[in-house]
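**Q** Got a structure for you, questions after.
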Amino acid sequence: MSVSIVSVALVNRPIFTTYDYRLNLKKHHDPEKLIGSRVLVPFSQHQITKKGATSLGIITAFKDHSFTQVASLNEATLIDEECPFGEDIFKTIMFASEYCHYPIGQCFFAALPLALREGKECALPKIEGLTLTEKAPTLIASYKEKGKLRAPLQLKLIEILTENKAQGAMPISAIKDRGIGTPIINALIEKGIAKKVKSDLGELNWSEKLDTLEIIKTSGPILNAEQQIAVDTISSILEFKTFLLNGITGSGKTEVYLNVIANILKKGKAVLVLIPEIALTPQTFERFQKRFNVPVISMHSALSDKERFEAYLAMKFGKGGVLVGTRSALFTPIPNLGLIILDEEHDSSFKQTDNLRYHARTLAIKRAQLCNCPIVLGSATPCLETIHNADLGIYERLDLINRAGGASLPNFELINLTLEPMSHGMNCGIGTTLENAIGEETVKGNQVLLFLNRRGYSRHLFCHRCGKIFTCPHCDNVMTVHRQENALICHICDHRENLPRICPECNCNELLETGFGTEQVEEFLHNRYPDVTVERIDRDTVKNREDLEAKINRIRSGKTCIIVGTQMLAKGHDFPDVTLVGILDIDAGLFSDDFRSLEFTAQLITQVAGRAGRALKQGKVIIQSHHPENFLIYGLIEERRSYMEIAHLLINMREQLHLPPFTYQASISTNSEDREKAHLFLLEIMTKINQLPEALTVEATPVLPDKIEKRQNRHYFHVVITCHSLQDRKAYLDKIVLIVTQLQIPPKVRFAIDVDPLIMT
Ligand code: ADP
Ligand code: ZN
């Protein structure tokens with residue numbers, strides 16, 4: 001036994017540093033393998049060397065010496081005999097802490113499954129097995145003598161168990177596979193010849209049966225030339241490299257993934273596929289599962305903690321070949337990882353917006369680098385940062401510019417709403433041209449899809465007589481009218497009130513509504529086209545995965561219908577019978593003060609338009625605007641420029657304005673129920689940093705209240721910094737962390753850093 005000093009990150013403690021502990025090492029312990037292992041340590045925040053409550057920690061390093069005498073260091077007790085999640089995950093988490101400037105212990109908390117945070121064992125669940133008892137030989141002899149052991153299947157089972165004895169217990173499932181059922185097993189147990197035991201004996205992993213395993217279960221379509229080039233290029237790379245698979249909607253990106261995955265699996269390596277939250281329906285999952293003879297495992301937020309942990313263990317122990325999961329699946333241990341795919345890489349659900357505010361793309365690329373394997377970012381509308389990196393040659397871009405399988409691209413029509421007559425439909429974003437087109441398509445038995453990113457019936461309610469506006473009591477936000485639920489609902493905190501009939505201020509019954517949402521559009525369509533079913537898809541009609549699946553299945557059954565939906569619709573779903581797509585109220589995205597809103601609008605138009613004419617029917621997309629001269633709308637629709645061309649215009653604008661991807665941003669924010677406290681703390685931090693040389697290298701906004709300052713009774717303040725290099729940003733944020741640690745966050749105030757923020761608050 002020997003004594004070492006280890007640095008320990010305290011799981012879920014808001015502390016940026018690690019602490020030193022003493023660790024007794026046994027002979028068989030390998031310090032290299034113990035980095036990342038869990039330990040239990042005594043800890044109290046203020047008296048570090050005195051005994052405190054026990055805390056879960058992660059060993060982050062072995063040290064030669066400590067500032068504290070070894071003898072007076074507290075002792076850490078090992079939970080694991082080696083790191084339970086592997087070196088690559090360990091390093092990815094360490095990187096996340098450094099890059100996102102988030103306390104190291106809380107990074108581990110965010111990345112580890114509940115069971116590991118609770119100190120549970122990281123081992124495959126035990127499998128029920130059967131084995132012969134010690135007394136078996138004598139018992140068998142005596143039963144045989146008495147003529148009480150003659151059933152052929154019982155004899156066969158004894159024979160099987162005897163044969164298998166050297167390998168330990170035999171899994172019950174394997175016994176049943178050999179045609180022996182429960183009554184026979186129970187008969188031997190009753191006789192005292194056999195007994196059930198729990199063991200961790202599983203079947204062989206798929207990769208151990210590679211010689212005889214046919215990887216492909218059902219083959220897909222023959223690839224077109226573009227797809228084949230993409231598959232060959234990616235498959236030829238066996239080390240770290242980032243690819244951008246830029247393929248228009250319906251160009252067969254998923255087919256490219258499936259073919260590349262097959263090539264990786266054939267080498268006995270496993271694959272991680274990350275997809276946006278909403279896109280992970282059983283359909284997507286099935287598409288992967290149907291293709292391969294190796295276990296495909298899914299991981300997403302609808303699973304229970306227990307199910308998530310089972311998936312985690314299955315991947316860790318090499319039982320799964322492909323893991324298809326959302327954002328946080330990226331922290332799943334996968335030995336022998338051969339490829340990472342991040343589909344719909346522009347999707348904002350890859351960014352975590354609270355706690356550890358990471359972008360799955362940043363960490364997935366880091367992990368691919370650590371595992372020395374390729375990573376593919378796929379999208380029809382890549383984000384500008386990604387395109388810029390491809391332009392610089394940091395990523396290799398592969399293009400799919402044609403639709404696969406003979407489907408043609410839809411025709412576009414730009415409608416100048418200022419020239420349309422005022423009509424009933426116009427009140428909910430449907431001009432006469434679009435109204436007529438909906439009629440024509442539904443008469444032909446086709447489907448129509450209308451997109452509007454605002455749910456509810458009307459946006460505002462106010463009193464005609466006294467002007468009272470109905471705002472949320474907890475947020476600086478107007479409440480939305482929901483007629484079906486007969487409620488006013490705050491879309492920030494979900495606060496609900498009964499829909500008032502009279503004004504509580506002046507008692508009059510003249511209440512006015514303005515602005516329209518999906519519910520009102522649905523009502524208009526019902527009245528206007530009474531014979532056609534309307535499917536509304538938004539958070540009010542789709543509460544979970546099953547609801548969405550049911551709706552999608554109804555639509556896919558091909559019945560004539562009009563689909564009205566929010567952004568839930570814009571993602572990945574394939575509706576082959578949709579021939580007309582209309583976007584209502586695109587103008588909102590053109591005049592936002594958020595510098596990313598033009599990029600988001602261009603992505604939205606392209607993605608929504610991509611839902612039309614996916615099969616062999618010719619599709620049409622109608623875009624209506626009161627500002628048809630706007631360069632983005634005009635460029636995309638009237639001039640039929642590609643998303644890539646428009647993206648490059650936007651990138652040039654960003655360069656002139658010194659915005660990302662040419663600069664690097666972060667937001668530093670505080671919030672509290674006590675407005676003053678939140679405001680003062682951020683001011684104090686900024687006063688301190690502004691005295692340091694690091695402040696000279698960055699541009700910082702003043703301390704500002706968020707656009708919506710009060711949310712759920714908390715007041716939010718922020719500063720956005722813009723830097724010319726990652727180094728400058730890191731140096732500055734390191735200093736911010738130091739200042740915050742020295743000042744200590746006041747009680748009831750929360751502090752956060754968001755690196756590469758996506759939404760300007
Ligand atoms: P994306 O992921 O780019 O949206 P998919 O891979 O889902 O595209 O392909 C769109 C449709 O085209 C799917 O129905 C798919 O089966 C079909 N498809 C893809 N590649 C081919 C091909 N080479 N030949 C025929 N059909 C194809
Ligand atoms: Zn609210």
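**Q** Convert each backbone phi in the range 617-629 into a coupling constant with the Karplus relation 6.51 cos²θ - 1.76 cosθ + 1.60 (shift: θ = phi - 60°), then list the ³J(HN,Hα) values in order as whole Hz, x for Gly and Pro.
**A** Result, rounded to whole Hz: 6, 5, x, 9, 10, 10, 10, 10, 8, 7, 10, x, 7.
**Q** When Lys and Arg each count +1 and Asp and Glu each count -1, what net charge do the other residues less than 12 Å away from Val564, Cβ to Cβ, add up to?
**A** Net charge in that neighbourhood comes out at -2.
**Q** Whole Å is fine, so just give me how far the alpha carbon centre of the range 576-610 lies from that of the range 201-242.
**A** Their Cα centres are 36 Å away from one another.
**Q** Please list, by residue number, every one of the GluC sites (Glu not before Pro) in the range 177-248 that is coil in DSSP and has at most 15 other beta-carbon atoms within 10 Å. Please list the in-between numbers first.
**A** Working: sites: Glu190, Glu203, Glu208, Glu214, Glu226, Glu239; in loops: Glu203, Glu214, Glu239.
Sparse-neighbourhood loop GluC sites (Glu not before Pro): Glu203, Glu214, Glu239.
**Q** Among the helices of the chain (complete DSSP H runs), which have Cα atoms covering no less than 27 Å along the helix axis and a Kyte-Doolittle mean of at least -0.5?
**A** none
**Q** Tell me the trypsin sites (Lys or Arg not before Pro) within the range 1-104 that lie in a loop according to DSSP and have at most 12 other beta-carbon atoms within 10 Å. Provide the component values of the computation, followed by the final result.
**A** Details: sites: Arg22, Lys26, Lys27, Lys33, Arg38, Lys50, Lys51, Lys63, Lys91; in loops: Lys26, Lys27, Lys50, Lys51.
Of the trypsin sites (Lys or Arg not before Pro), the ones in loops of the range 1-104 whose Cβ has at most 12 other Cβ atoms within 10 Å are Lys26, Lys27, Lys50, Lys51.
**Q** Starting from the range 655-687, pick out the GluC sites (Glu not before Pro) whose DSSP state is loop and whose Cβ has at most 16 other Cβ atoms within 10 Å.
**A** Those that pass, being in a loop and sparsely packed, are Glu673.
**Q** Rounded to the nearest 500, what is the 222 nm mean residue ellipticity of the chain from helices alone, with -39500 (n - 2.57) per DSSP H run of 4+ residues and division by all residues?
**A** -9000 deg cm²/dmol
**Q** For the ranges 462-473, 395-406, 310-321, what's the packing order if you count other beta-carbon atoms within 10 Å of each residue, average per peptide, and put the highest first?
**A** Top of the packing list down: 310-321, 395-406, 462-473.
**Q** Moving on to the next point. Quick one: which residues, 5 or more positions from Asn477 or on another chain, have an amide H under 5 Å from its amide H? H modelled 1.01 Å from N in the peptide plane, none for Pro or chain starts.
**A** Cys472
**Q** Return the subset of Lys165/Lys196; Lys266/Lys306; Lys677/Lys748; Lys165/Lys319; Lys144/Lys176; Lys135/Lys195 for which the Cα-Cα distance in this structure is over 19 Å, preserving the input order. It would help to have the intermediate numbers written out before the result.
**A** Details: Lys165/Lys196 14 Å; Lys266/Lys306 31 Å; Lys677/Lys748 9 Å; Lys165/Lys319 24 Å; Lys144/Lys176 24 Å; Lys135/Lys195 11 Å.
Beyond 19 Å between Cα atoms: Lys266/Lys306; Lys165/Lys319; Lys144/Lys176.
**Q** Summing +1 for each Lys or Arg and -1 for each Asp or Glu, what net charge is found among the other residues whose Cβ lies under 13 Å from the Cβ of Arg711?
**A** Net of charged neighbours comes to -1.
**Q** Once you have a ≥ b ≥ c as the square roots of the Cα gyration tensor eigenvalues for the chain, tell me rounded if a/c is under 1.5, and otherwise prolate or oblate according to whether a/b is larger than b/c.
**A** On the way: a/c = 1.83, a/b = 1.31, b/c = 1.40.
The shape class here is oblate.
**Q** Can you tell me the relative contact order of the range 204-405? Whole percent, Cα pairs under 8 Å, sequence separation 6 or more.
**A** Here the relative contact order equals 34 percent.
**Q** Would you mind pulling out the separation of the Cα centroids of the range 360-388 and the range 107-134, in Å?
**A** 32 Å
**Q** Collect residues whose amide H, placed 1.01 Å from N in the peptide plane, falls under 5 Å from the amide H of Val39; neighbours closer than 5 in sequence don't count.
**A** Gly57, Ile58, Ile59, Ile79
**Q** Name the residues whose placed amide hydrogens come within less than 5 Å of the amide hydrogen of Asn74, ignoring near sequence neighbours (fewer than 5 apart) on the same chain.
**A** Distant-sequence amide H within range of Asn74: Arg22.
**Q** At 7 Å along Cα-to-Cβ for each site, give me the label-to-label distance between Ala752 and Tyr143 in nm.
**A** Calculated label separation equals 6.5 nm.
Quick note: the coordinates plus some simple rules give every number you see, no bench work behind them. Predicted model, so just to flag it, every value in this text is computed and none were measured. As a convention, Cβ positions derive from the backbone with ideal geometry for all residues, glycine included, and neighbour counts pool all protein chains shown.
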